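In what follows, a single structure is set out as structure tokens and then discussed.
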């Protein structure tokens, strides 16, 4: 047991407890997921316009404000008439188009030319498609039996009646859902608010793409990667910052970001190096650590914490590890914050195209490509190597305790 009053180097301390970090303190991938599920809840709700709704989640049920359809109407172009058994000859006395409203009842034995969506004239109950009938000199004729009574009429309220529940709390506003909500007259919706996010990429070596690299510098790929992932998840209010390896400036920047945002994603500076100051800064800011270090590769030094309802994710600095941690933890949590169901998605399984080996003790997330019904593990699995992402369409999850996975093994493939 280590005496925490001893003069332990700052870099050897665990950001969660102040005690010396060690591998035994690491948690499994499953334990990390369960911990996150136990602490996540959706954001509050706010009223948005229908135009702002795509990709967001309903915070309240929605009921229809009108019958849909609001009147009996034609399902196709043709002729409307009152069906009478044995009668297959009608005089055509007019035309009704979508947007028209015929006032006079249709006399018995008469028909009207009608177009898709047009209201059924009063007194009519059937529409025969134009391609199955013949109209010559204003007289409609068709073979007996080619149309049934009530055919091709969309009756009032056949989708829904006013007051009917049409969309439930927790439903995503997909394009189809938007069409449904518009059809019942919805214009303002109560939706779960997406988080406001700040991205902080740490490291003296980072340089913005497009600027001149000095010796020892690298381009910052982590900030753009996190930004792209968050935007694809439906988060639009995002700050981006680069932070030097300075405890004072890092503390000030993180504190400033937490003043304005309810999600903070940090890359780099969370390991145990002499210049890794993120854990100490978060502790000083009062962030409550949920866990630090997961038995996984890449992305072992992963920190997740909360400050009230604010989420803090401190990811490793290697870019492939950043993308893996975003895929496995950050995006699922933020989707739950945005009102999506509280669960980590069940990854589809595909057979391995070739044998795969690893050491036991860590769950591996490998860049991979699903094609032709099987999954191919790509070259360039090092956590700094991004080249495989030009082809990768998933991460394969290799179970912690196994070492050998023969070709044909069904493995979880997390789309990314």
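The values are calculated or read from the model by the stated rules, or taken from the named source; none is laboratory data. Note that this is a predicted model, so its numbers are computed, not measured. Positions of Cβ are generated from backbone atoms using ideal geometry, with glycine treated the same way; all protein chains shown enter the neighbour counts.
Annotation: residue 131 fulfils all but one of (1) assigned to a loop (DSSP other than H, G, I, E, B); (2) surrounded by fewer than 13 Cβ atoms within 10 Å (Cβ to Cβ); the unmet one is (1).
Residues in segment 205-248 that are in contact with a helix residue (DSSP H, G or I) (Cβ under 6 Å, 6 or more places away or on another chain) and in a loop (DSSP other than H, G, I, E, B): 221, 233. Yes or no: residue 279 crowded, with 24+ Cβ neighbours inside 10 Å, over 24 Å from residue 396 (Cα atoms) and in the same structural domain as residue 35 (by TED's automatic domain parsing)? When the stated conditions are applied, residue 279 passes them. None of 293, 306 is in contact with a helix residue (DSSP H, G or I) (Cβ under 8 Å, 6 or more places away or on another chain), at pLDDT 95 or above and on the phi > 0 side of the Ramachandran plot except 293. Each residue in segment 390-416 was checked for being under 20 Å from the mean Cα position of the chain (by Cα) and either part of a strand (DSSP E or B) or surrounded by fewer than 17 Cβ atoms within 10 Å (Cβ to Cβ) (or both), and 8 of them qualify. Criterion first (closer than 20 Å to residue 179 by Cβ, without any contact (Cβ under 8 Å) to a residue 24 or more places away in the chain and outside any strand (DSSP E or B)) does residue 70 satisfy it? So residue 70 does not fit the description; no.
Here is the figure for segment 86-103: residues that are loosely packed, with under 12 Cβ neighbours inside 10 Å and modelled with pLDDT of 95 or more total 3. The single condition among (1) at pLDDT 95 or above; (2) out of contact with any helix residue (DSSP H, G or I) (no Cβ under 9 Å at 6 or more places or on another chain); (3) surrounded by 15 or more Cβ atoms within 10 Å (Cβ to Cβ) that residue 55 does not satisfy is (1). Checked against the criterion of being under 15 Å from residue 306 (Cα atoms), surrounded by 19 or more Cβ atoms within 10 Å (Cβ to Cβ) and either in contact with a helix residue (DSSP H, G or I) (Cβ under 9 Å, 6 or more places away or on another chain) or not assigned by TED's automatic domain parsing to the domain that holds residue 54 (or both), the candidates 254, 189 yield just one match: 254.
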